[in-house]
Amino acid sequence: MNGPDKNKTPETLESLSGRIERITFTNEENGYTVMHVKLPRQKNLLTVVGNLSSPVVGEFIEMEGSFVNSPNYGRQFKISKHRLMAPTTEPALKKYLGSGLIKGLGPVLAGRLVDRFGDKTLDVLEKTPERLTEVEGLGANRRESIIDAWRKASGMKRLMSFLAEFGVGPAVAMRIIRRLGDGADELIREDPYRLAYEVSGVGFATADKVAKTIGLKPDSPRRLEASLLFALSTQADEGHVFCPDAPLIKQAAALTPEAGEEALWSALGRLILEGRVKSEPQMEPGGANDIYLPKLNRAENWVAQDLLGILHTRPLIEVPRLEKALEWAESSLGLNLSEGQREAARLALEKKALIITGGPGTGKTTITRIITTIFSAVKAKIALVAPTGRAAKRLSTATGLPAKTVHRLLEYSPLAGGFMRGPKNKLDVDVLLVDEASMVDIQLMNQLVGALPHQARLIMVGDQDQLPSVGPGRVLADMMESGTIAVARLNDIYRQAQGSQIILAAHQVRQGLFPESSPDRDNGDFYFIEENDPAQVLSKIVYLVSRKIPDKFGLDPMEDIQVLTPMHNRDLGTESLNQVLSDTLNPSAAHSVQRFGRKFKLGDRVMQLRNNYNRDVFNGDSGRVEKIETESQELSVNFEGRSVIYDFADLDELTLSYAVTIHKSQGSEFPVVIIPMVKSHYIMLRRNLLYTAITRGRRFVVVIGSTEAVRKAVSTDHELKRHSRLALKLSGQGRALDPRMLAHPSSR
């Protein structure tokens, strides 16, 4: 292939080839890349842009495309098709192997390998890796590490090249490898539809494209079954525990319009017969059924069974002279309970299971202190848990007793691949108190009550007006609605909270009223700032975070101020806010790494995006980047004094956290919270969203945006009701429970 013909028009397709010399940008989500290529007999490097399958410096590329003129960057070659090939010359091999492709192999060691094996270096790594012993100074551990990294890297390159044909970028390809393993390409060829319902971010349409390339027909039973499983998984992602059969068929029909609903009903029948989905008849006449993923059906049934087992078993620990105990606890703690608080505490000491619910300033923490003080006095074994690390730490501070996350209480073991505590190895506790209970989804609740002895007491503390759990279910609401479990509702705002405009604003939002700013403009703690232009909102947020609030309160913007936004994308979403805030608050970091469309700098605030039991970090945990090692391709994050190491390939587990979504902030509190709320957020604006955001702030809260957007939030109280049958099963109206399971919970 020859050099570019400057006389051709931009629309003319050309074929070019050359060596990749430099990669200046890659979007790991879609593979869009900007790079510079050395063409034969051309002095200047050619700027090339397009979606590529994970290119590496030093590789040879054959490409088809056309020249375009960018107003900002000048003449570029835009790729429409391409093929990447490993280099064969020694200089190119040194660049290729030293580019960071292989963990632990930097430019110096890459040079030594190529000096020893020449143009046969890749053959040695692929076919005779034992020959690495010929490289002087390369120890056994380093050799094994390089061999393992090469195998993974070459396998990943094959998979990425295969998936790039279907528009799958490197970030999703990495998720596929983590879920399906190193042989992912073979597994995908065996059953491409597992991409749709086993790997988040792929989707049915992409899996369908792959399936067509390997010859699966539109009416293939495997395709129809996959559309139903994908539709059911989508429902679970939206918070539903099940989906009624008719809507499920319609959703699958939208994915496979040429198949027809009759064929989908047959496919659903096969899935039920094979146990790949579970079906429960609805209570109403008409023959309709509710369709579950098996794991969610088991979780819902077992939660109902265990809760009923707890309710119908006598406790081992009783509190004698209950009224005297309450008086003693009040005196010991220097508290003066209202009658409503005293009744809530009384119920907690009497009932086997109790829900305590109320908004900020209504006394939930006070009651928790009273309860734990009395149960400690009668030598009860108490376990305090919360869904997040921050919430557990706050609970421990409030009570003076150790508190854990649910995962740590139940002793999750990465080695065993599950929780060590469960029906066959119960917790040794008399009282379990769960804080921030609104965050608990059906699967986490199943793990909790499955590990709780039936003679133990269960106390759930939460705010029913907050956002529901991120995972499937509406556990707290269902338990309250069942009428089976006692509920203590706290409505009064107590004297120490009445001076807080944050708390008053939160209760105004809960009642559907526009939240009022503090009357004292200099010493208040809650303000609404009117601003309709998103660009001006962003500018004011940057000013508040970087100058105004730190100067006024003496706070550290990197630690004490949190921006909470309704959305990831669009105006003032987390993506745009985090980039601007990182550049403002951490502008000159010495080291950085860019992966999966995100740039991480030394000192950046970051947040874990999903549970990783091997690293012992969980969805929503926040920390700071403390080290970036380019050669070993590792980044270290400090999570509250504990260092956790990430391979660069795993950085899609992290995101910047100067700004986080309101959903991700559940269970956390911050000294200062800033909440942008503009018209482009309309799709997300709900009363419980704004209420949750305001209640995250302790010392100072600012809502900045349009009056219209805030009014939309406070006036929108209807929430998409999640499909769940837990309330019915607890009240005895749902599917009949097996009495043997109540008697022998360990028979799961």
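The values are calculated or read from the model by the stated rules, or taken from the named source; none is laboratory data. A quick note: this is a predicted structure, and the numbers were derived from the prediction, not measured. Neighbour counts run over all protein chains shown; Cβ positions are idealised from the backbone, glycine included. Just the protein is used for accessible areas: all its heavy atoms, side chains included, with ligands, DNA and RNA removed. Shrake-Rupley method; radii C 1.70, N 1.55, O 1.52, S 1.80 Å.
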In straight Cα distance, which aspartates and glutamates are under 13 Å from LYS664, not counting same-chain residues fewer than 8 positions off?
ASP621
At R0 = 22 Å, how high is the FRET efficiency between HIS591 and GLU21 if r is their beta carbon distance? Nearest 0.05 is fine.
0.45
With all protein chains present, how much of the accessible area of the range 439-571 (probe radius 1.4 Å) comes from carbon and sulfur, to the nearest whole percent?
43 percent
On full extension of the chain, what length is gained from ILE272 through SER80, given 0.36 nm per residue of separation minus the C-alpha to C-alpha distance?
64.7 nm
Given the candidates ALA211, LEU132, GLY50, the one whose Cα lies deepest towards the positive end of the charge dipole of the chain, counting +1 at each Lys or Arg C-beta and -1 at each Asp or Glu C-beta, is LEU132
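Which value, in debye to the nearest 20, gives the size of the charge dipole of the chain about its Cα centre, when Lys and Arg are +1 and Asp and Glu are -1 at the Cβ?
720 debye
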Can you work out the FRET efficiency for the pair GLN536 and GLU318, with r the C-beta to C-beta distance and R0 = 60 Å, to the nearest 0.05?
0.45
Express the accessible area of the chain per residue in Å², computed with a 1.4 Å probe while the remaining protein chains stay in the model.
44 Å²
Sum of -39500 (n - 2.57) over DSSP H runs of 4+, divided by residues of the chain (222 nm, nearest 500):
-11000 deg cm²/dmol
Check cross-link reach from LYS78 to the lysines: straight Cα distance under 16 Å, and skip same-chain residues fewer than eight apart.
LYS6, LYS8, LYS38
Karplus couplings for the range 693-710 from phi (6.51 cos²θ - 1.76 cosθ + 1.60, θ = phi - 60°), rounded to Hz, Gly and Pro as x?
5, 5, 6, 7, x, 9, 10, 7, 10, 10, 9, 10, x, 8, 4, 4, 5, 5
Sequence neighbours fewer than 8 away in the same chain don't count; with that in mind, list the lysines whose C-alpha is under 25 Å from LYS548.
LYS540, LYS601
Taking a virtual spin label 7 Å from the Cα of LYS209 along the C-beta vector, which residues in the range 139-169 bring their backbone nitrogen under 20 Å of it?
156-169
Would you tell me the accessible area of VAL202, worked out with a 1.4 angstrom probe on the heavy atoms of the protein chains, in Å² to the nearest 10?
20 Å²
With each label point set 7 Å from Cα along the Cα-Cβ vector, what nm distance links ARG489 and ARG298?
3.7 nm
Contact order relative to length of the chain, as percent, for alpha carbon pairs under 8 angstrom and 6 or more apart
10 percent
As an exercise, find the ratio Rg/Rh for the range 247-368 from alpha-carbon atoms, using the Kirkwood inverse-distance average for Rh.
1.27
For the range 347-495, the dipole about the Cα centre with charges only on Cβ (Lys and Arg +1, Asp and Glu -1), to the nearest 20 debye, works out at 480 debye
Measuring from label point to label point, each 7 Å out along Cα→Cβ, what is the GLU629 to ALA254 span in nm?
4.8 nm
Please compute the length gained on full extension between PHE514 and ASP556, using 0.36 nm multiplied by the number of residues separating them and subtracting their Cα-Cα distance.
12.1 nm
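On a full-extension model of 0.36 nm per residue, what is the gain between SER331 and ASP237, subtracting their alpha-carbon distance, rounded to one decimal in nm?
Roughly 29.0 nm would be gained on extension.
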Order the following by accessible area, largest value first: SER518, SER331. Probe radius 1.4 Å; ligands, DNA and RNA are ignored.
SER331, SER518
Mind checking Rg over Rh on the range 187-281, alpha carbons, Kirkwood formula for Rh?
0.94
Descending packing, highest mean Cβ count within 10 Å first, for 536-543, 238-245, 92-99 is 92-99, 238-245, 536-543
What fraction, in whole percent, of alpha-carbon pairs in the chain exceed 51 Å separation?
22 percent
Students often check this: by mean Cβ neighbours within 10 Å, which of 249-260, 400-411 ranks highest, and how do the rest follow?
400-411, 249-260
Could you list the GluC sites (Glu not before Pro) in the range 117-207 that lie in coil according to DSSP, counting only those with at most 12 other Cβ atoms within 10 Å of their Cβ?
GLU136, GLU165
